[in-house]
Structures are given as C-alpha cells and as structure tokens.
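Worksheet for the structure shown next.
The values are calculated or read from the model by the stated rules, or taken from the named source; none is laboratory data. None of the values given here were measured: they were computed from a predicted structure. Glycine also receives a Cβ, built like all others from the backbone with ideal geometry; neighbour counts cover every protein chain displayed. Ligands, DNA and RNA are excluded from the accessible area calculation, which covers all protein heavy atoms including side chains. Shrake-Rupley method; radii C 1.70, N 1.55, O 1.52, S 1.80 Å.
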Amino acid sequence: MEKQFSEINFKDLGLIEYNKFLLIQEKLTPLNQNFLFFATHYPVYTVGTNAAKNFPFAIPVKRGGSITYFDEGTLMVYFIFNVKSPPLFFRKVRRIFDNFFKNLNSEIFYDKEKPGYYIENRKIASLGFHYEKNRSNHGVSIHISPNLKNFNKINPCNLKGITATSFENEGINISMEEAKKELKKTIKEVFYET
C-alpha cells in the first residue's frame, strides 16, 4: 500500500462560499494528512492564475486550467493530499473518475488534449490541480445540475467549440448525494488498493 495514500479524512462541506473554501484549503495545506472534501458553491467564476489577466471578473486561483463556473448544482471533489509523485496521484484520480463515469454513461470519455470529461463536444467534468511542497490542492468539478445558461456565458476552460453540459441535461439520473456516496466508495477502492 502507498503510505502517502493510506488514510483519507472525508468531509462534506455542503454549500459554502468559494472564498471560504480557499481559506480552509490554505489552512490544511501544511498539515501532513489527506483530506477529501465534497462541496457545492454559490455561483462563481474561477480561473487559473496563468489565465487570470484575460478574465478580470473571475476569482484567480493557484491551479491549472483556465476559466470555469461553479454553482449549487456542481459537485466539487477536492483532494488536499500528500503527493510524492504527481503523475501517480493523477493516474489514481483518473482511474476514480473513469470508473465513476463508465458506470453512468458509456459515452463519457476523458480527453487528455483538453483535460476533462466529455460527451461528444460537451464538457461534463473539469480537473484542476496545483502541487506545492508535496501537497495537492483543488480537484474535480462534476456538472450534476448547474445553471448551464450561466456556465455557457464562457467557453469552459476557454476551449473553442466546447459547451458545458450536465447530468441533468444529458438525462443521467443520479442525485448529488448518490454521486457522493459512489465517489467515496470508488476513492477508497483506488487509493487504498495494495
């Protein structure tokens, strides 16, 4: 068993302001423990720091990727983990979500050229991580039932020809609570494997 992944503290933050979550994440980043948070946020646009100058209305954050949108219908899965090997960690994250989506809809696929999960050209989940001092921050956003009108005011992750979609929009019937339960099970299976 990978010692760095041997213990995960799961917590559901519920609906929380995005800036409040950033403060929690900042306080936990120095700690030598693994935290997995589920959360939803009030409507907010966020952007990776490298692209922040192009989107002055969005909250800049230390993570990969460009602009995205979160709201009460977006399930956030935050990994604040000890990470000795980012490639190994990311492979495990990919395996979690590959398994999760495969069980919901066989049309959902991961595109490594435009990192995220899609049905055709419709983005249904985004990944954005930042690594600092052997710690991961941020995570994965899953579009359960966000306001797509607000989301599609932007190009998701500033990708041309891509629109945002959701489970609700695609007729995938799974609630926020069911998704959390299934993800918790899959996360444990992947990170606790020997």
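Which count do you get for residues in the stretch 171-180 that are within 21 Å of SER106 (Cβ to Cβ) and surrounded by fewer than 15 Cβ atoms within 10 Å (Cβ to Cβ)?
Kept after step one, since they are within 21 Å of SER106 (Cβ to Cβ), are these residues of the stretch 171-180: 171-175, 178-179.
Restricting the remaining residues to those that are surrounded by fewer than 15 Cβ atoms within 10 Å (Cβ to Cβ) gives 171, 173, 175, 178.
Of the residues in that region, 4 qualify.
Return the only residue of THR68, THR74, THR49 being among the polar types (S, T, N, Q), out of contact with any Cys (no Cβ under 8 Å at 6 or more places or on another chain) and crowded, with 16+ Cβ neighbours inside 10 Å. Steps first, answer last, please.
On the way: THR68 fails: out of contact with any Cys (no Cβ under 8 Å at 6 or more places or on another chain); THR49 fails: crowded, with 16+ Cβ neighbours inside 10 Å.
The match here is THR74.
So which pairs qualify, if the first residue must be in the stretch 1-29 and within 19 Å of GLY128 (Cα to Cα) and assigned to a helix (DSSP H, G or I), the second must be at pLDDT 90 or above and open to solvent by 90 Å² or more (accessible area, probe 1.4 Å), the Cβ gap must be under 8 Å, and the two must be at least 6 apart or on different chains?
TYR18/TYR42
Is there a residue in the stretch 61-79 that is farther than 23 Å from ASN155 by Cα and not polar (S, T, N, Q)? It would help to see each step written out before you state the result.
Narrowing the stretch 61-79 to residues farther than 23 Å from ASN155 by Cα: 79.
Pick out the ones that are also not polar (S, T, N, Q) and you get 79.
For the stretch 61-79, residues farther than 23 Å from ASN155 by Cα and not polar (S, T, N, Q): present.
Using the structure shown, decide if LEU36 is in contact (Cβ under 8 Å) with a residue 24 or more places away in the chain, surrounded by 15 or more Cβ atoms within 10 Å (Cβ to Cβ), assigned to a strand (DSSP E or B) and of a type in the set (A, V, I, L, M). Steps first, answer last, please.
Numbers: in contact (Cβ under 8 Å) with a residue 24 or more places away in the chain: yes; surrounded by 15 or more Cβ atoms within 10 Å (Cβ to Cβ): yes; assigned to a strand (DSSP E or B): yes; of a type in the set (A, V, I, L, M): yes.
Answer is yes for this residue.
Considering every residue within the stretch 147-162, establish whether at least one is out of contact with any strand residue (DSSP E or B) (no Cβ under 9 Å at 6 or more places or on another chain), open to solvent by 50 Å² or more (accessible area, probe 1.4 Å), within 30 Å of THR29 (Cβ to Cβ) and in contact (Cβ under 8 Å) with a residue 24 or more places away in the chain.
Quick first cut of the stretch 147-162, residues out of contact with any strand residue (DSSP E or B) (no Cβ under 9 Å at 6 or more places or on another chain) only: 149, 160-161.
This time we only want the ones that are open to solvent by 50 Å² or more (accessible area, probe 1.4 Å), so: 149, 160-161.
Narrowing the set further to residues that are within 30 Å of THR29 (Cβ to Cβ) leaves none.
No: zero hits.
Can you spot a residue in the stretch 105-115 that is under 27 Å from LYS11 (Cβ atoms) and aliphatic (A, V, I, L, M)?
To start, the set of residues in the stretch 105-115 that are under 27 Å from LYS11 (Cβ atoms) comprises 108, 110, 115.
Pick out the ones that are also aliphatic (A, V, I, L, M) and you get 108.
Within the stretch 105-115, one or more residues are under 27 Å from LYS11 (Cβ atoms) and aliphatic (A, V, I, L, M).
Going through SER85, SER166 one at a time, which residue ends up being in contact with a helix residue (DSSP H, G or I) (Cβ under 9 Å, 6 or more places away or on another chain), among the polar types (S, T, N, Q) and at pLDDT below 95? Don't jump to the end; show me each part of the working.
Values: SER166 fails: at pLDDT below 95.
Criteria check complete, one pass: SER85.
What tally of residues in the stretch 154-170 results from selecting those that are among the hydrophobic types (A, V, I, L, M, F, W, C), in contact with a Lys or Arg (Cβ under 6 Å, 6 or more places away or on another chain) and within 14 Å of ASP71 (Cβ to Cβ)?
Restricting attention to the stretch 154-170, the residues satisfying the condition of being among the hydrophobic types (A, V, I, L, M, F, W, C) are 154, 157, 159, 162, 164, 167.
Still in the list and also in contact with a Lys or Arg (Cβ under 6 Å, 6 or more places away or on another chain): 159, 162, 164.
Retained after the next criterion (residues that are within 14 Å of ASP71 (Cβ to Cβ)): 164.
The number of residues fulfilling the criteria is 1.
Might you check whether a residue that is in contact (Cβ under 8 Å) with a residue 60 or more places away in the chain, open to solvent by 10 Å² or more (accessible area, probe 1.4 Å) and touching a strand residue (DSSP E or B) at 6+ places or on another chain (Cβ under 8 Å) occurs anywhere in the stretch 98-112? Steps first, please.
First, the residues of the stretch 98-112 that are in contact (Cβ under 8 Å) with a residue 60 or more places away in the chain: 99-100, 103-105.
Then drop every residue that is not open to solvent by 10 Å² or more (accessible area, probe 1.4 Å), which leaves 99, 103-105.
Now narrow it down to the ones that are touching a strand residue (DSSP E or B) at 6+ places or on another chain (Cβ under 8 Å): 105.
Scanning the stretch 98-112 turns up at least one residue that is in contact (Cβ under 8 Å) with a residue 60 or more places away in the chain, open to solvent by 10 Å² or more (accessible area, probe 1.4 Å) and touching a strand residue (DSSP E or B) at 6+ places or on another chain (Cβ under 8 Å).
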